[in-house]
1. Could you pull out the trypsin sites (Lys or Arg not before Pro) across region 32-68 that fall in loop regions by DSSP (anything but H, G, I, E, B) with no more than 15 other Cβ atoms inside 10 Å?
2. Which ³J(HN,Hα) values, rounded to whole Hz and listed in residue order, are derived for region 27-43 from phi using the Karplus coefficients 6.51, -1.76 and 1.60 in 6.51 cos²θ - 1.76 cosθ + 1.60 with θ = phi - 60°, glycine and proline given as x?
3. Taking amide H positions as placed 1.01 Å from N in the peptide plane, with prolines and chain starts having none, which residues 5 or more places from residue 23, or on another chain, fall under 5 Å of its amide H?
4. Kindly put 19, 34 in sequence by how many other C-beta atoms sit within 10 Å of each C-beta, fewest to most.
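Please treat every number below as a calculation from the coordinates, not as lab data. Note that the structure is a prediction, hence the values are computed from the model and not measured. Heads up, the Cβs are rebuilt from the backbone with ideal geometry, glycines too, and the neighbour counts pull from every protein chain shown.
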Amino acid sequence: MTTPQGKVRGRPPKNRICTWCAESRQPLKYILPTQLGKKEFCSEICLSEFRKAYIKGACSQCDNVIRGSPVRFEQPDSRHKDFCSTSCLNKFQKDANVDQKRGNSRNIQQSLNSMVSLNGDKSPVGTTTTPPSP
């Protein structure tokens, strides 16, 4: 909405920061969609440089480009994961432990639900079945 003097009312737009060069500009003209949202860039050069670095390696937790040496997490049963910092590695491990606990409790519940009593009837744990009276 404009006033009689031609000024725009309300807050001015926030300056955005380029994902690659970290310059604050308005508006950022280049957008790259990623798994965890979108990355915005001020120029084609920044977008191109980001893509090159992103192909070489992105953090498994926050999806940022890894600059310098990655923090590597080796898993014996799967391929390694690289992180941009130890805080991202710790966050990943914490999330993995929570998921594992949820998975274990689901598996236990499924096992309990599928237990079969001695007479062949499925009965939930904690209930007793009485044999038919003679």
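1. The qualifying sites are 67.
2. x, 8, 8, 10, 10, 10, x, 10, 4, 9, x, 10, 10, 10, 10, 8, 8
3. Amide H neighbours of residue 23: 18.
4. 34, 19
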